[in-house]
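Participant: Following this message is one structure expressed as C-alpha cells.
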Amino acid sequence: MFDNLRDSASSFYEEEQNDPTAETAAKPAASRRRKNARFLGMTAQQRFFLSVMLMFMVVVIGVLAMFVLGKMALF
C-alpha cells in the first residue's frame, strides 16, 4: 500500500509545477508582482543585518541613558 507513496506524491507535485495555465489563472496580477518585489529593495540577509544593527543601537542608547540618569553604575 505504501510502496510507491513517495513516488506518487512527487509526480503529482511535478505535474502541478509543469502546468503554466493553472498558475496564471489561479493568482491575480498583484500577487505575481509582489512575489518578485523586495521590501525596500533589500535581500533577506540585508534586512536581517539591518534589524540586528538597529537592535544593537537601541540597546547601547538605552544603557547610556541609564548611566546618565543614574539608574545604573559600573561599581
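Participant: Once phi is turned into θ = phi - 60°, what whole-Hz ³J(HN,Hα) does the Karplus curve with 6.51, -1.76 and 1.60 give for every residue of segment 45-57, x standing for Gly and Pro?
Facilitator: Going residue by residue, I get 5, 5, 5, 5, 4, 5, 5, 5, 5, 5, 4, 4, 5 Hz, with x marking Gly and Pro.
Participant: Can I ask one more? On full extension of the chain, what length is gained from Leu69 through Arg6, given 0.36 nm per residue of separation minus the C-alpha to C-alpha distance? If you can, show how the numbers build up before the last one.
Facilitator: Details: separation 63, 0.36 × 63 = 22.68 nm, distance 6.37 nm.
Additional length available on full extension: 16.3 nm.
Computed from the coordinates by the stated procedures, all read-outs in this text should not be read as laboratory data. Small disclaimer: the values here were computed from a predicted structure and weren't measured.
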